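Trainee: Here it is, the structure in full.
The values are calculated or read from the model by the stated rules, or taken from the named source; none is laboratory data. Keep in mind the model is a prediction, meaning the values are calculated, not measured. Ideal geometry is used to build each Cβ from the backbone, glycine not excepted, and the neighbour counts take in all protein chains shown.
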Amino acid sequence: VHHAKFSIYMMARVVFLHPDLGIGGAERLVVDAAVALKSQGCSVQIWTAHYDPTHCFSETLDPELPVVCVGDWLPTSVFGYLHALCAYLRMIYVALYLVFLSGVEYDVVFCDQVSVCIPVLRLSRLRKKVLFYCHFPDQLLTQRKSTLKKLYRAPIDWLEERTTGMADMILVNSQFTAGIFAETFRGLRGVQTDVLYPSLNTRTFDQQSSEAQGLEGLLPEGTSCLFLSLNRYERKKNLGLALQAFASLKSSLPPGQSAGIHLVVAGGYDDRVTENVQHYAELRKLAAQLDLEDVVTFLRSPSDSLKVALLRGSAAVLYTPSREHFGIVPVEAMYCRCPVIAVNSGGPLESVADGETGFLCEPTAEAFSKAMERLAREPQLRGDMGQAGRRRVQDKFSLRAFSNQLHGYIVKLS
């Protein structure tokens, strides 16, 4: 009997519900979670409202990890407005389809980003367990400048809080987010949240080492010290800070020393997203104004192997967003033995060990360029910080730790 019970636990059937399966941090987490549970013996499917096999993480192309896309015919906005409402309707449709039309058997649903599908999941004949992963309260990710926008958001915000509270278990991606969650959802005071740090799927990084592409042809001849900014082309990521800090560094070094330094600004870019297109143009313009055109290279949506080559070849990663909810980039950098210079707020306070695996700085060009100068001048420090970063990731952010913790939650629920 004991054995039979154990095998039922092992084979929990988990369905992931995610709005748009692109290549952001939230998608990385969902894919890692699916791969982790599959490796623990669960059967897994990912359901989404948008999936493009040419703009996705490679793991989702594996036929062993089924991705089901429904409702992509529904609009994502109405004349450029009502994005949130459309996202809600699309996810409600996905949930209705799963519960009433699909015939799929499952024990636990893992959903994230959009909590409004939870009451729909409650409509299923046999009540299934729901795990909600909160990357950050959605209502804090939007501006409300007009009265109209405030009126439009009020019911959506109310719904977000009410439906989030309907989950059987709520996980968050950092202590920082746990604090914000408690501040934002006042009505959920008694609700317990557990921290499940995103993990790094190191396999991608280890594989790339064999096919590590060189950076020849990408960087100017004679580049001896490379800095890297890695983040989606979004204004809230504050990428201009990397350019300003680099300009400040160039002017503070004597001409002989500043000759070989170069900056690469790389990040996720999607033609469908107006902000990506606009912000890329803004940053190129800023680089021209700062007279950095010859010493900065811009890359849009670099391949995984190029990203790894850049991380391995850089003196430091410049991580510029403030109050970032978790931020996987510093963890990726540390795993590649690359020091991290990040803003001293949000997730990096938990991922980066200041003075040991990198530097946590005020979000000013001056503070960043000081840290950059130290790393540019002291190769020994770069090496030590790189090694310490690698060890930190293996201890705190390994896929195994993430996988065991998440599987424990699934077993508890099922």
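Residue by residue, here is whether (1) touching a Lys or Arg at 6+ places or on another chain (Cβ under 7 Å); (2) assigned to a loop (DSSP other than H, G, I, E, B) holds:
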site	(1), (2)
P53	no, yes
L65	yes, yes
T76	no, yes
L85	no, no
M91	no, no
V94	no, no
Y97	no, no
F100	no, no
V109	yes, no
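Trainee: Report the residue count in segment 244-273 for those that are modelled with pLDDT of 95 or more, closer than 21 Å to R323 by Cα and buried (at least 23 other Cβ atoms within 10 Å of the Cβ).
Mentor: Total meeting the criteria: 2.
Trainee: What residue, among those in segment 124-154 that are closer than 30 Å to V104 by Cα and free of Cβ contacts under 8 Å to residues at least 12 places away in the same chain, is surrounded by the most Cβ atoms within 10 Å (Cβ to Cβ)?
Mentor: Among them, the one singled out is R127.
Trainee: If I filter segment 36-69 down to residues being under 15 Å from N201 (Cβ atoms) and hydroxyl-bearing (S, T, Y), which single residue comes out as surrounded by the fewest Cβ atoms within 10 Å (Cβ to Cβ)?
Mentor: Of everything passing the filter in segment 36-69, S58 is surrounded by the fewest Cβ atoms within 10 Å (Cβ to Cβ).
Trainee: For residues that are surrounded by fewer than 18 Cβ atoms within 10 Å (Cβ to Cβ) and among the small types (G, A, S), scanning just segment 396-413, find the one that is farthest from D107 (Cα to Cα).
Mentor: S398
Trainee: Still on this structure, please answer the following. Take I180 and tell me if it is part of a helix (DSSP H, G or I), over 25 Å from P379 (Cα atoms) and β-branched (V, I, T).
Mentor: Here the answer is yes, as I180 does meet what is asked.
Trainee: Something else: Just a yes or no: is a residue in segment 367-388 of a type in the set (S, T, N, Q), surrounded by 15 or more Cβ atoms within 10 Å (Cβ to Cβ) and either modelled with pLDDT of 95 or more or at negative phi (or both)?
Mentor: So far as segment 367-388 goes, yes, one or more of its residues are of a type in the set (S, T, N, Q), surrounded by 15 or more Cβ atoms within 10 Å (Cβ to Cβ) and either modelled with pLDDT of 95 or more or at negative phi (or both).
Trainee: So in segment 301-313, with the set limited to residues that are under 17 Å from A242 (Cβ atoms) and either at pLDDT 95 or above or of a type in the set (A, V, I, L, M) (or both), which one is nearest to the chain's Cα centre (by Cα)?
Mentor: L311
Trainee: As an exercise: evaluate R90 against (1) over 21 Å from the mean Cα position of the chain (by Cα); (2) of a type in the set (K, R); (3) within 20 Å of H407 (Cβ to Cβ) and give the number of the one condition it does not meet.
Mentor: The failed condition is (3).
Trainee: Still on this structure, please answer the following. Does segment 207-217 contain any residue that is at pLDDT below 90, under 25 Å from S398 (Cα atoms) and surrounded by 20 or more Cβ atoms within 10 Å (Cβ to Cβ)?
Mentor: Yes.
Trainee: Mind checking whether some residue in segment 93-107 is farther than 29 Å from M169 by Cα, without any contact (Cβ under 8 Å) to a residue 12 or more places away in the chain and either in the same structural domain as P155 (by TED's automatic domain parsing) or in contact with a helix residue (DSSP H, G or I) (Cβ under 9 Å, 6 or more places away or on another chain) (or both)?
Mentor: no
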